[in-house]
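Notes for the one structure printed next.
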Amino acid sequence: MAFYEDAQGRKFNAQMAAVELINVIRPVTAIATFITFAVLALFEHPRARDWVQNGDKQHIEWFTREVRRFYPFGPFLGAKVRKSFTWNGYHFDEGLLVLLDMYGTNRDPAIWGDPDVFRPERFRDWDGSPYNFIPQGGADPAKGHRCPGEGITQEIVEASLDFLVKTIEYDVPAQDLSVPLNKIPTLPESGFIIQHVKKKTPAG
Ligand code: HEM
């Protein structure tokens, strides 16, 4: 941010540099929410935990995608119609507020079959469509507003998950792990508290 120059060789002023720096720090910090859900998933779904612990890099990727599909972050996105149009028999008038149901799409039984089951293997058969798995917005990020940080998010959660299952072990004390759906973004009520953290011994 300090050294960036635009096409005319102009640098950011201090305020613009600060805004842009915060635009990176804020979303990177937000990834902690998905990491919390990843560690919650390891605890709530022991079969999936064993599967990822004994698996390879591909299993870590699918488990991370399933965390981002299954656990709630943004419920929906809003947009205003700029020019009236009709799509699939629905008319959208200019100025209309439209909501994209991210949570509902990620849990749509017509797309996922058993959406309320945490099952990372489902991503083995995922078609890669930019319209059905939309925890960070839909469509092509190069042409619309879908989150351009999605790849970074996926990789940071993967690295954290790898560390959690392969490098350390810990105890999970009794706590309130219920996730309220009336907070945005939400988290387990207690956060996710771990105790007696130690490095894994080679034997396991
Ligand atoms: C927990 C992680 C994250 C979540 C849940 C998230 C979610 C979102 C969502 C829902 C949007 C709006 C999409 C739309 O309007 O269609 C968005 C936009 C954006 N995100 Fe993220 N994001 C995350 C991480 C990141 C990271 C790590 C970066 C970059 C370092 C980033 C940079 C951006 C930017 C620049 C936009 C605006 C794109 C535009 O308007 O064209 N995000 N994000």
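The values are calculated or read from the model by the stated rules, or taken from the named source; none is laboratory data. All of these numbers come straight from a predicted model, not from anything done at the bench. Cβ coordinates were reconstructed from backbone atoms using ideal geometry, including for glycine residues, and neighbour counts include every protein chain displayed. Calculation scope for accessible area: heavy atoms of the full protein, side chains included, ligands and nucleic acids excluded. Shrake-Rupley method; radii C 1.70, N 1.55, O 1.52, S 1.80 Å.
Computed quantities for the displayed model
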item: Surface accessible to a 1.4 Å probe, per residue, for the residues of the range 14-199, Å²; result: 60
item: Of all accessible heavy-atom area on the range 14-199, the percent that carbon and sulfur account for (1.4 Å); result: 58
item: Top positive-direction residue, dipole computed over the range 48-94 with Cβ charges, set Phe85, Phe73, Val52; result: Phe85
item: Debye log10 I(q)/I(0) for the range 14-199, one point scatterer per Cα, at q = 0.18 Å⁻¹; result: -1.33
item: Cα coordinate range in the range 1-117, projected on the principal axes (Å, largest first); result: 55, 47, 20
item: Cα-based Kirkwood hydrodynamic radius, the range 116-204, one decimal, Å; result: 16.5
item: Using a Förster distance of 30 Å, the FRET efficiency for Ala14-Leu77 (Cβ separation, nearest 0.05); result: 0.40
item: Inter-label distance for Ile25 and Arg49, nm, one decimal - labels placed 7 Å from Cα along Cα-to-Cβ; result: 3.5
item: Charge tally in the Cβ shell below 12 Å around Met1, where Lys, Arg are +1 and Asp, Glu are -1, Met1 excluded; result: -1
item: Rounded to 10°, Cα long-axis angle of helix 150-166 versus longest principal axis of the chain; result: 10
item: C-alpha long axis of helix 57-70 to longest principal axis of the chain, angle in °; result: 60
